[in-house]
Structure formats: structure tokens, C-alpha cells
Amino acid sequence: MAQKIVAGNWKMNLQFDEGEKLVNEILEGKRSNSVSVMIFPPALYVQHFSELGDGRISIGVQNFHVHESGAYTGEIAIPQIKSAGGSIGLIGHSERRGLFSETNADLKAKVDAAIANDFKFIFCCGEPLEIREAGREFSYVKSQLEESLFHLTASQMAGKILAYEPVWAIGTGKTATSAQAEQMHAEIRSWITDNYSDEVANSVSILYGGSCNEKNAREIFACPNVDGGLIGGASLNSESFLEIINAF
């Protein structure tokens, strides 16, 4: 069975003391034991927050470099992240694709780097508005997976975490319904089955990353192929984040 996961992506938000307070509130709050909780703060905070979490929540990074060391000013390497207590990274978030022009080939290299360093990751995929309006959302997302992820072996793919982000429904005033989320999640799982097996597909956690919040989480998480959420703004408040965690 796929693991149930709620992950908070803070992006470039919160000062250190604000983040520390938030982590402590999450740790002290009543949380479902059946849900794995992950937090992706600014990389500067990873070591301290991983010590605070003490294994009760996973602390990750929002980005990392493909090389293990070298002259890459401003970048961080997986071995450095692991040595500071970080246990997981995001790959292919829509903002990395859109704002920083990361290509499917770039993301494949990050996937390979994570595999080589035994580093967990959440692989993000999703279509922008113009693709959705053109009716090409399924072929677009399938290509993202085929070009960056589906080269992995069955054993490497088993148990991985994906996040579907309907980019067209984030900050556009448009809303993705739970039915639309379930439709894409079901397609993604079917593609994994086609490339690997039912067993591998059922072991993969597919999270929803389209403006999921405390008001819609219960409905979204009730969808058969939605295994949790990659939460943005609602993860910056402990009450709303805990409510989402307990929405299963």
C-alpha cells in the first residue's frame, strides 16, 4: 500500500524564529500516526529543524545540485544535505520548472543523483493553463514522467513519491475539482502499471499539490488515488497544517 503523506513546502517564507515556532507547534499538536509528515523549509534551517524533529517528522530541501561537490557557487549537494540531517528533496516543482527553466533532462539528472546517493525525493509533475485548455494535459504529464523518471528500474521505482501540481489552478483564480485531481492521479498510477507492474504502482505515493488546504483536504484525500498532499501556503500555519494532516 502507498504511504499516506502530508508535506509542507515553505518556499522562501518564514524567518528562523517563526519557522522554529511552527515546527514546535506541529510536533506538539495532535497528529494522526498513520500519516508521514514532511517539511521543506529554507535550506538554512534544515540542520536545526531535523534536530528538533528527532525523527518524528522528515525535514527536506526544496532543491539540490546533481554533483556531490565542486565549484558550483550557491548550490548544495546531497551529501551535504544528508550530513546536516536532511532526508528528502523536491525535484521538478512547478516553480523550479517555470522560474528557473529546469528541463525534463535536468530533472532526470537530479533523479539519478538522488538514486546514486540513496536520497529520497518527491518528484513533481503537472501542466500549465495553456496545456490544460488545449486538452493535452495527459500527454504532457506523461512526457514529464517518461523523460525524467520512468528510466528507473522497478526496484528503484517502488515506493517512490510523486506530486501532481495542476499549475493552471495555482494563483490563476481557477479551481481544480477533486474529480479532476483523481482523474490525473488515476492516469499516473496506470502509467506506472504500464511501465512496471500493479505492485510497483500501488507502492507509489501520489500527492496532490494544487492549492490543497484545510477546507478541501478531506474531500481530496477521499479520492482513491490521492495519497496525500504537497501543501504550500496552508503549511505556514500550524492549525491549518495539522487539520490537513488529520484529514484522512
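Taking each residue of region 34-45 that is within 15 Å of Gln62 (Cα to Cα) and looking for partners that are part of a loop (DSSP other than H, G, I, E, B) and among the aliphatic types (A, V, I, L, M) with beta-carbon atoms closer than 7 Å, six or more apart or interchain, yields Met38/Ile57; Ile39/Ile57; Pro42/Met12; Ala43/Ile76.
Mind telling me which of the residues Ala84, Ala116, Ala163, Ala77 ends up being under 23 Å from Ser58 (Cα atoms) and in contact with a Cys (Cβ under 6 Å, 6 or more places away or on another chain)? Answer to the selection: Ala163. Within the bounds of region 186-207, is there any residue that is in a loop (DSSP other than H, G, I, E, B), closer than 20 Å to Leu90 by Cα, at pLDDT 95 or above and under 16 Å from the mean Cα position of the chain (by Cα)? Yes - at least one qualifying residue is present in region 186-207.
Could you check, for region 93-100, whether at least one of its residues is of a type in the set (S, T, N, Q), over 15 Å from Ile206 (Cβ atoms) and out of contact with any strand residue (DSSP E or B) (no Cβ under 8 Å at 6 or more places or on another chain)? The answer is no, given that none of the residues of region 93-100 is of a type in the set (S, T, N, Q), over 15 Å from Ile206 (Cβ atoms) and out of contact with any strand residue (DSSP E or B) (no Cβ under 8 Å at 6 or more places or on another chain). When Leu230 is tested against the conditions (1) at pLDDT 95 or above; (2) surrounded by fewer than 22 Cβ atoms within 10 Å (Cβ to Cβ), the lone failure is (2).
The residues on offer are Ala134, Ala105, Ala114, and the sole one that is of a type outside the set (Val, Ile, Thr) and either farther than 25 Å from Trp168 by Cβ or buried (at least 17 other Cβ atoms within 10 Å of the Cβ) (or both) is Ala114. Among the residues of region 153-165, are any closer than 25 Å to Ile88 by Cα, part of a helix (DSSP H, G or I) and among the basic types (Lys, Arg)? Checked region 153-165: no residue is closer than 25 Å to Ile88 by Cα, part of a helix (DSSP H, G or I) and among the basic types (Lys, Arg).
In this structure, Lys174 does satisfy being over 29 Å from Tyr196 (Cα atoms), in contact with a helix residue (DSSP H, G or I) (Cβ under 7 Å, 6 or more places away or on another chain) and touching a residue at least 40 places away in the same chain (Cβ under 8 Å).
The values are calculated or read from the model by the stated rules, or taken from the named source; none is laboratory data. Keep in mind that this is a model prediction, so the values were computed, not measured. Cβ sites come from the backbone with ideal geometry, for glycine too, and all protein chains shown count toward neighbours.
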